[in-house]
Amino acid sequence: MMKRKLLNSLILAALAVPAVAMADTASPFSGNVALTTDYLARGVSQTNYNGAIQGGFDYVNPNGFYAGTWGSSISWLQDSGMYTAGAGLELDTYAGYTASFATDYSYNVGFLRYNYSGVRAVGQPSASTNELNAAISWKMLTAKYSRSFTNLFGTPDSVGSNYLELNGTYTLEGPGVDLSAHYGKQKYSGTGNDKYTYSDYNVKAAKAFGGYTYALMLSKLTGSTSGVYSDKAERMLAVLSVSHAM
């Protein structure tokens with residue numbers, strides 16, 4: 001309950017950001033809030049196929065440095081039995097640097113920590129995870145590599161696990177619809193952990209209207225169907241969301 005109140009407080013605070021932005025259109029601060037029918041992270045439902053409330057804040061310096069925090073309601077830690085209570089919130093913190101080079105190229109390097117609090121079951125490790133990541137983009141295409149330097153989401157002996165993803169975006173100028181496609185491959189390091197390796201892919205369409213962005217995403221997994229999560233079903237998932245940036 002306290003974690004849900006914390007996330008709600010973050011979102012209510014984000015709703016106050018437009019007043020600041022109006023006073024300074026060049027403000028490096030921004031916020032976002034969203035409601036979604038499911039929270040998928042790397043293709044895996046974090047809410048047992050139920051809805052989630054999400055929100056975050058970002059700071060972007062003109063010199064390319066950025067930092068931010070983002071939170072979402074979750075249920076997978078208690079659903080899997082790894083945590084016994086109080087594990088209803090994921091709160092991520094991140095920072096990095098991005099810059100352009102040559103023509104139509106850019107790169108990004110960053111740090112991301114997935115923070116999970118709550119009461120762990122006896123003998124269960126912490127699910128909190130630290131990752132370093134690097135990405136390179138050309139026009140509408142981006143390739144990104146993330147590597148953990150802690151155990152990945154509570155999986156024992158998984159330091160060095162990595163996630164490679166390819167993303168593409170395209171805007172239909174006439175109807176003003178943003179299209180995107182994604183492919184990712186999650187590989188687990190450590191003896192016996194290769195059985196958790198899987199791939200995910202999705203396609204998404206989004207349109208802004210009246211200050212909000214409405215989106216539909218279709219996502220699917222291939223590969224492992226069990227692991228540290230409560231479920232990794234090989235099924236096609238449809239996710240609807242509405243978000244607001246300020």
Checklist line | Fewest-first ranking of Phe111, Phe57, using other Cβ atoms within 10 Å as the exposure measure | finding: Phe111, Phe57
Check: Once you mark the GluC sites (Glu not before Pro) that are in a DSSP loop and have at most 12 other Cβ atoms within 10 Å, what is the longest gap between them in the chain?
Finding: 1-172
Note to self: Taking the Kirkwood radius as the inverse of the mean 1/r across Cα pairs, report the Rg/Rh of the chain.
What the structure shows: 0.95
Notebook entry, point to check: Which FRET efficiency value, to the nearest 0.05, do you get for Arg113 and Glu173 by plugging their Cβ-Cβ distance into 1/(1 + (r/R0)^6) with R0 = 35 Å?
Noted result: 0.40
Note to self: Counting other beta carbons within 10 Å of each residue's own, what order do Met217, Met140 fall into, fewest first?
What the structure shows: Met140, Met217
Margin query: Quick check on the chain: helices-only [θ] at 222 nm, where DSSP H runs of length 4 and up contribute -39,500 (n - 2.57) each and the sum goes over total residues. Nearest 500, please.
Written below: -2500 deg cm²/dmol
Next item on the list: Please order Asp200, Asp194, Asp92 by the number of other Cβ within 10 Å, starting at the fewest.
Entry: Asp194, Asp92, Asp200
Next item on the list: Work out from phi, with θ = phi - 60° and the Karplus expression 6.51 cos²θ - 1.76 cosθ + 1.60, the ³J(HN,Hα) of each residue of segment 127-137, listed in order in whole Hz, and give x for Gly and Pro.
Entry: 8, 4, 9, 10, 9, 10, 9, 9, 9, 10, 10
Check: Nearest 10 degrees, 0 to 90: what angle lies between the long axis of helix 2-14 and the longest principal axis of the chain (Cα atoms)?
Finding: 10 degrees
Item checked: Cα→Cβ-extended label distance, 7 Å offset, between Ala245 and Tyr97, nm -> 2.4 nm
Check: So what is the relative contact order of segment 2-245, in percent, for Cα pairs below 8 Å that sit 6 or more residues apart?
Finding: 14 percent
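Each reported figure results from applying straightforward, stated rules to the coordinates on display, with no laboratory input. These numbers come from a predicted model, not from an experiment. All Cβ positions, even for glycine, are placed from backbone atoms using ideal geometry, and neighbour counts span all protein chains on display.
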